[in-house]
Amino acid sequence: MDASHQDNAGGGPAPSGAEFSGLDRELMLQVARYLEHANQLAGAAEGRRRRTPLGQVVSDHLGVDAETVPVTQDSFPEHRLADADIALNKLAEDSGGTLIGVQGSDRVHHAFSDLVSSPHHPFEPGPVDYSSRPTGPDSTRQVVTFGIWLLAVDGVPSAVLLRGARPESGRMAAELEVLSPSAGASTALLQRVRALMTEHSVLRGQVLSFAMSDYGATAGATLLPRPEISRDDVVLPTGVMDQITAHVVGIGEQRQALRAAGQHLKRGVLLYGPPGTGKTLTVRHLVSVTPGVTVVLLTGSTIQLVTEAASLARALQPSIVVLEDVDLVAMERGHSPQPLLFEVLDALDGLDGDADVTFLMTTNRVEVLERALVQRPGRVDLAVEIPLPARAERRRLVELYAGELPFSADALDAVAGQSEGTTGTFAKELVRRAVLRAALRDGADPVPTDEDLKSALDELNSAQHTLTRRLLSGSPEPDDAHDDITQYGGGYDFGFVAGGPMPRDMPYSSTVSFVGDDSSQEQWSDQADEGWNDDSRA
C-alpha cells in the first residue's frame, strides 16, 4: 500500500497534500482570523474603563458623567486632617450635603478618577473610614480618613474625596480631590475649605509639638497642656525677664498701635547661656502668660520641620515657634550637610513683616551661631544672655526650693556664698539632700536644720562629688572647644556639626541633661503628663 494511503494513528487515512489544500485549508484560515479578532475584542474589553456603581452615584449628584469631569487636588500636612474634617462638615451642614464611603479592593490606593471608572474594580458606595485625632491635650475627635462628601456649594454640585496620609504607602500628606462640572468651582471650593480650616482650626491657641514617623514624614502633632509658670518661679538677674517679656509679649499686646505706625511685628529672640540657667523655664513662663497664642515646639530632629512650623504659625497667628538648642542639629541636604540654622533663618525671612509670629530660640553654645547670625542681620532682633546665677540669684534659688523649710537667713547666705558657678539644679538637689539627711535621722516627719543644709553642701562640694557637681551645674570642661557650624570640612554628619568632632560637653548639654530645664522634647512631653506644674525652676 502507498504510504500516502496508510492509516494514521486514529485509524483513518492521512490526508494528502492535495486534499489538505482544499476546503479544509480555507476553513482553518477563517478559524484563525476569527480567533485573532476575538482576542482583539477581549483585549479591548479588558482595557476599557467602565463607570463603577460609585461613579454612577457621583454622576447622578453632579448631573454630568463623572468620567468626563477633571479632578482638582490639594494636599496638606496630616496634623491638619481634623481641620479639614471640620471644614467639610460645616460645608455639608450649610449645603445639605451627604457623606459616603467607598467599598472595593485597594480603594485607598486609587485616585478619585479611578474610583468612578475602572476596567477592573467595580467600586461601590460603602462605609466611611474614620480615625481619632487630638483636638486638645485631653480631647479627641473622630475624623474621616477616607470618605466622599456630595455637596452643592453656592448651587454648584461637587464631590470631595478626603483621604488621610499613608506614609507607609508613600502618601506623605493628607489630600483633597474635587470633582465638579466647573473647574473654577473646584478651585473656589478648595479655597473655601482652606479658609474654614484656618478659621475653625483645632490647633489655634494650642501648645503643640511635632513628631517624626518611621518614614521620614511628620507623624502629626501632639497637643500639650499650657504650662503654669509664674514670674516668681523664674530666677533671673534683675531686668532680664522684663526685657524678654516686653519683646515677646509686649509687641503682641501692642500689635494694633505698631501696625498703625507701620512697624513690623515678627521677631526673632535668642536666649543663650550655660545649661541649666533657666532658658527653657523662661520659655515656659512666656508660654504660660500668652493664653490664646498658638505655640509650636521644635527640638531635636523635629527642627527640620521648621518650614512646616512657620507655615502653621503664619496661618494661626498670633503664634510662637520655639526652637530649643538650635546649635545641636545639622541635617544633610543631598550629599552636603546644611545646618538647620540657615533653614530657620529662611523661615523667618519667609514671614511678612506684619505677621504676629515670634521665633524663640535657645542655645547653650552661642559662639557656634554668631557668625551665621551676623551674616544674616535682622533675623534675630533680640539676643539675651541667661548667665550663671550670681550670689543674689543663688540665694533666691535655695530659698525658692526650700519653701517653708526652717532654714535661717544666715544658712541661706552661706550656701549662696559657697556655691559659685552652680545653677538652679544644684540648689534643688542641695535642698533635697538636706531633707533626706533629716529623714534618715528623724523618720517620717523630718525637720531639716541649718546643719543638714551645711552638710549637704559640703558633700556636694567634696572632691569625690566633682562630677556630680558638674552634672548638676551643666559645666563643660574648661578647655572645651567649640565648632563653627558655618564651616564644613567634609566628613560625616554626627547630628551636631557635620564633619566636626563630637562636642565634648555633650553629656551636659540640654538635650540630655539629667536635671534642669534646658531639656529636649522628652521634658516638654513629661511636663505635659504632669500638667507642667512641677516645681522645676532651674
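The values are calculated or read from the model by the stated rules, or taken from the named source; none is laboratory data. Treat the numbers as computed from the prediction; the structure is a model and nothing was measured. Every residue, glycine among them, receives a Cβ derived from its backbone with ideal geometry; neighbour counts consider all protein chains shown.
Observations, loosely collected:
- Put simply, of Gly278, Gly268, Gly250 the only residue that is assigned by TED's automatic domain parsing to the domain that holds Thr363 and at positive phi is Gly278.
- Breaking point among (1) assigned to a loop (DSSP other than H, G, I, E, B); (2) out of contact with any Asp or Glu (no Cβ under 9 Å at 6 or more places or on another chain); (3) over 29 Å from Glu399 (Cβ atoms), for His264: (2)
- Helices (runs of 4 or more DSSP H) contained entirely in the range 331-450, each with at least 1 residues that are under 15 Å from Leu270 (Cβ atoms): 340-349, 370-375
Residue-by-condition table, conditions (1) modelled with pLDDT of 90 or more; (2) buried (at least 19 other Cβ atoms within 10 Å of the Cβ):
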residue	(1), (2)
Lys454	yes, no
His465	no, no
Ser475	no, yes
Ala481	no, no
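- Residue check for Gly300: more than 17 Å from Thr222 (Cα to Cα) and either modelled with pLDDT of 95 or more or not polar (S, T, N, Q) (or both): no
- Qualifying residue in the range 91-104 (condition: in contact with a Pro (Cβ under 6 Å, 6 or more places away or on another chain), not assigned by TED's automatic domain parsing to the domain that holds Ala309 and not in a helix (DSSP H, G or I)): yes
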